[in-house]
Amino acid sequence: MMLDNMTSLCLYVFRKHQVSENSRHTNKEGEILGIGINSPIIIVKDQITGEINAQKTIMLARFDGDQIMAWYHLQEKDLAPELYAFKMVEDRVVMNMEIMKGKTLQHVLDKITLNSDQAIGLSICVLDGLLSAYECLRQKGYSHSDMHAGNVMITPKLNIKVFDFDAAKKFLQNSQKLKEDILEIIRMFCALYSGDNLTSRDIANQILEERSLETFSSKLRSQLTQAQRQELFKILMMLFDSVAFPEQENYGDTADVSNYVKKNMPGDEMKKQIAVLLFPEDFQFKEVADCGTGSKRMRTDFTSVWEDPSMEDYVLNVTDQKLNELQHFVLAC
């Protein structure tokens, strides 16, 4: 659906099986999912469809069509929660959306402990997703303008979704908006990789402007090895160089660093280890016999999250014992 004309905003319903066209038929479920710049996000149930979704309401005076356009571009790439409907109700705009399954990057940083290899692997996965989201918006002429760890959701498959588009804007000739997004991506990546978020955009900018690994290492509050520091600094400088000078050719283009990141993505086994630690509730645990001793061990079955389409027909024709032998498992901690 084209959304080019946002001036005559009244009602758009993208998913009629989720949201009815009559906005009065909605009940609050009481739970607040989060709070954006302008309003909280709550869980509601549509009385006509019977479906539960997330709802956000902002004052019309604070609403800008750029918010919907940026959101819509990202949801087309599965990089944002799906927008089911938005409508104008008196002096407010009401938006209904998918309830995302995952954890915010801020929650992961605050609550989950990973070893160095796992943290680095996750940081690469997240950076890959963040750059995909950034480039999708940049190529359409938008900046998110509020990139931070509380506005990024990590899913059980270690993909990311960006949300809260209250500050999203067409950047037009304001290249500073792109640089702000990149600096926040730098901070999130550095925080995951090393445990240090570089404090602020301004401080991150000052450190990287010096282009000195020695200076960077001296200010990095982390236990990384020298080789890890060098690799982190290399990626950060590639990101920074994409927005170093407003007049540079292809300003804001992160294709080179994106290609480099994709070549360094962790393998499936590492992804599975990370997914178990981030989302233990999404995996089934069962006892399997240890072939060597006959004793029982708890192992993690990844089939509920990490499907392998090529195995579908095969699985129907083998026993559980054979599956236990063939599947790749990680011992439960």
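Residues that are in a loop (DSSP other than H, G, I, E, B), within 17 Å of residue 184 (Cα to Cα) and in contact (Cβ under 8 Å) with a residue 40 or more places away in the chain: does the stretch 129-146 have at least one? Among the residues of the stretch 129-146, at least one is in a loop (DSSP other than H, G, I, E, B), within 17 Å of residue 184 (Cα to Cα) and in contact (Cβ under 8 Å) with a residue 40 or more places away in the chain, which makes the answer yes. Tallying residues that are without any contact (Cβ under 8 Å) to a residue 12 or more places away in the chain and charged (D, E, K, R) within the stretch 223-233 yields 1. Go through the stretch 76-123 and give me each residue that's in contact with a Lys or Arg (Cβ under 9 Å, 6 or more places away or on another chain) and under 22 Å from residue 262 (Cα atoms). Passing the criteria: 78, 79, 80, 121, 122.
Under the condition of being surrounded by 15 or more Cβ atoms within 10 Å (Cβ to Cβ), charged (D, E, K, R) and in a loop (DSSP other than H, G, I, E, B), the residues counted in the stretch 63-112 number 3.
Yes/no per residue for (1) polar (S, T, N, Q); (2) at pLDDT below 95; (3) within 27 Å of residue 144 (Cα to Cα):
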{"site": "208", "(1), (2), (3)": "no, no, yes"}
{"site": "223", "(1), (2), (3)": "yes, yes, no"}
{"site": "237", "(1), (2), (3)": "no, no, yes"}
{"site": "269", "(1), (2), (3)": "no, yes, no"}
{"site": "280", "(1), (2), (3)": "no, yes, no"}
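Among all positions in the stretch 139-150, there is no residue which is touching a Ser or Thr at 6+ places or on another chain (Cβ under 6 Å) and surrounded by 21 or more Cβ atoms within 10 Å (Cβ to Cβ). The set of residues from the stretch 151-173 being closer than 14 Å to residue 66 by Cα, charged (D, E, K, R) and surrounded by fewer than 21 Cβ atoms within 10 Å (Cβ to Cβ) comprises 166, 169, 170.
Just give me the residues in the stretch 152-175 being in contact (Cβ under 8 Å) with a residue 40 or more places away in the chain and either among the polar types (S, T, N, Q) or part of a loop (DSSP other than H, G, I, E, B) (or both), in sequence order. Break it down stepwise before answering.
Quick first cut of the stretch 152-175, residues in contact (Cβ under 8 Å) with a residue 40 or more places away in the chain only: 152-170, 175.
The answer is 155, 156, 157, 158, 159, 163, 164, 165, 166, 167, 168, 175.
Just one of the listed residues (109, 105, 74) is within 10 Å of residue 161 (Cβ to Cβ) and among the aliphatic types (A, V, I, L, M), namely 74.
Per the listing 236, 208, 198, 220, the residue uniquely touching a residue at least 40 places away in the same chain (Cβ under 8 Å) and crowded, with 17+ Cβ neighbours inside 10 Å is 236.
Within the stretch 92-111, not a single residue is assigned by TED's automatic domain parsing to the domain that holds residue 239 and in contact with a His (Cβ under 7 Å, 6 or more places away or on another chain).
The values are calculated or read from the model by the stated rules, or taken from the named source; none is laboratory data. Quick caveat: nothing in here was measured; it's all calculated off a predicted structure. Cβ coordinates were reconstructed from backbone atoms using ideal geometry, including for glycine residues, and neighbour counts include every protein chain displayed.
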